[in-house]
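Down below is the structure, laid out as structure tokens.
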Amino acid sequence: MKVSSLGDYIREQRESAQVSLRQLAKSAGVSNPYLSQIERGIKKPSAEILQQIARGLRISAETLYVHAGILDERHEGGGDVVAAVFADPAIGDRHKRVLVDIYESFRAEHAAKEAVAKKATRSRATRPVATKPHTTTRRTSS
């Protein structure tokens, strides 16, 4: 599901975790009206409040920072995978981070292998081809 704003994203995460607005407000340490205003896009929360909300939702604060525009998504490609991991309410923050770290290490290893292969291909393409010197033989008439 495409989420258009930070508030929509928070609401979606709260509903998928089956947590009421009141429960999330209490666990995040914010008032019900303030959380409601955040979800409706009326208020823009600080990074500290986003961290508290993330803790209450049991998701990564980094994910909320990206949705809020505080942090650029640092994953080139694979962002859908990382977002899906961070959005999963059934996995704790520590496990999410471990999964993302493993995923990123696999991507880095693959990229390194591709770079080596590309370099080898370029080096073969630019290497001069060794040729035998051309010799001419004279025929002499006998």
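Checking each residue in segment 49-90 for being at pLDDT 85 or above and outside any helix (DSSP H, G or I) picks out Arg58, Ile59, Ala90.
Please go through segment 97-107 and pick out each residue that is within 11 Å of Val81 (Cα to Cα) and either exposed (fewer than 13 other Cβ atoms within 10 Å of the Cβ) or at pLDDT below 85 (or both). If you could, list the steps in order and put the result at the bottom.
Taking segment 97-107 as the starting set, the residues that turn out to be within 11 Å of Val81 (Cα to Cα) are 99-100, 103-104.
Answer for segment 97-107, where residues must be within 11 Å of Val81 (Cα to Cα) and either exposed (fewer than 13 other Cβ atoms within 10 Å of the Cβ) or at pLDDT below 85 (or both): Val100, Tyr103, Glu104.
Counting the residues of segment 6-30 that are assigned to a loop (DSSP other than H, G, I, E, B) and either more than 26 Å from the chain's Cα centre (by Cα) or hydrophobic (A, V, I, L, M, F, W, C) (or both) gives 5.
In segment 31-46, what residues are within 21 Å of Val66 (Cα to Cα) and either part of a loop (DSSP other than H, G, I, E, B) or touching a residue at least 40 places away in the same chain (Cβ under 8 Å) (or both)? Please lay out each step first, then the result.
Of all residues in segment 31-46, those within 21 Å of Val66 (Cα to Cα) come to 34-46.
Once the filter is applied, which keeps residues that are within 21 Å of Val66 (Cα to Cα) and either part of a loop (DSSP other than H, G, I, E, B) or touching a residue at least 40 places away in the same chain (Cβ under 8 Å) (or both), segment 31-46 yields Arg40, Gly41, Ile42, Lys43, Lys44, Pro45, Ser46.
Tallying residues that are buried (at least 19 other Cβ atoms within 10 Å of the Cβ), within 21 Å of Arg94 (Cα to Cα) and of a type in the set (Asp, Glu) within segment 7-66 yields 1. Tell me, yes or no, whether segment 9-25 has at least one residue that is aromatic (Phe, Trp, Tyr) and under 24 Å from Ala84 (Cβ atoms). Taking every residue of segment 9-25 in turn, at least one turns out to be aromatic (Phe, Trp, Tyr) and under 24 Å from Ala84 (Cβ atoms).
The values are calculated or read from the model by the stated rules, or taken from the named source; none is laboratory data. Since this is a predicted model, take the numbers as computed values, not measurements. Please note: Cβ atoms are built from the backbone with ideal geometry, for glycine as well, and neighbour counts cover all protein chains shown.
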